[in-house]
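The values are calculated or read from the model by the stated rules, or taken from the named source; none is laboratory data. Only a predicted model underlies this, so the values are computations on that prediction, with no experimental measurement involved. Neighbour counts are summed over all protein chains in view; Cβ atoms, including those assigned to glycine, are modelled from backbone coordinates with ideal geometry.
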Amino acid sequence: MVQAVKKDAKSRMNGSVENLKKEFSGLRTGRAHPSMLDGITVDCYGAMTPMNAVGSVSIPESRLLSVSVWDSNLVASVEKAIRESDLGLNPVSEGNIIRIAVPELTEERRKDIAKVASQYAEQARVSVRNIRRDTMNSIKKSELPEDEERRESDEIQKITDEHIKLIDIALSEKEKELMQI
C-alpha cells in the first residue's frame, strides 16, 4: 500500500513539473511559437473555446504567427481574444487569416514575463508540497511502525526535494531564455 501511495505521489509531482513546462511554453520569448496562443479562449457562439478548436496556428516567419480561422464568422472574436490577452500582441485580419507580428521584447517586458514565470514556478512548488502533505497523511494513517513511517516520510521528502529542484532548473532556464537578446 505504501509503495502505491509513493508511486502516485511521484506521478502527481511529475505532472506538476510537466504542467509548469507547458505553462512556460506559452510565455513569449520574442520568437513566434504556436503554443503562445494555447492559453487564449475565444467566444465561440456564447461558449468559451480554446484557440486550437477554432483555427490552426502556423509560423510563416520567425517573428510572425498566422491563425487560419475555420469559421469566417469567428474571425472578429479570435482577433478580439488575441488583442485582449496579456501577450501584448496586435492581430491583423485578412479574410479568414489573422496575422500576428511578434514584436521584440523590451527589457521591461522581459522582466514582467520573468515575474510571471516565477509565479508559475511558485504555483508548481505549492502543488508539489500539497502532494507531499497528502502523501505524508496517507502514510501516517497506514499505521506503520514508527521507524518505518519515518523512513517512508524521509523518502517522500527526498522525492519532493527532487521535484522542487526540477522546478527551479526549469525556471532558471526560462529566465535565461527570456533575458537573451
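Worth a mention:
- One residue alone among S35, S85, S16, S25 is closer than 30 Å to I139 by Cα and either in the same structural domain as E122 (by TED's automatic domain parsing) or within 17 Å of the chain's Cα centre (by Cα) (or both), and that residue is S16.
- Restricting attention to the stretch 46-81, the residues that are modelled with pLDDT of 85 or more, hydroxyl-bearing (S, T, Y) and in a loop (DSSP other than H, G, I, E, B) add up to 0.
- Across the stretch 82-95, the number of residues qualifying as without any contact (Cβ under 8 Å) to a residue 60 or more places away in the chain, of a type outside the set (A, V, I, L, M, F, W, C) and either part of a helix (DSSP H, G or I) or closer than 22 Å to R31 by Cβ (or both) comes to 6.
- Number of positions in the stretch 12-39 that are over 14 Å from S118 (Cα atoms), crowded, with 20+ Cβ neighbours inside 10 Å and at pLDDT 75 or above: 4
- The set of residues in the stretch 5-25 that are out of contact with any Lys or Arg (no Cβ under 7 Å at 6 or more places or on another chain) and over 14 Å from I131 (Cα atoms) comprises E18, N19, L20, K21, K22, E23, S25.
- Cross-chain or 6+ apart pairs with Cβ under 6 Å, the stretch 166-181 first and under 18 Å from N19 (Cβ atoms) and touching a residue at least 60 places away in the same chain (Cβ under 8 Å), then among the aromatic types (F, W, Y) and in a helix (DSSP H, G or I): K174/F24
- Some residue of the stretch 18-28 being outside any helix (DSSP H, G or I) and in contact (Cβ under 8 Å) with a residue 60 or more places away in the chain: yes
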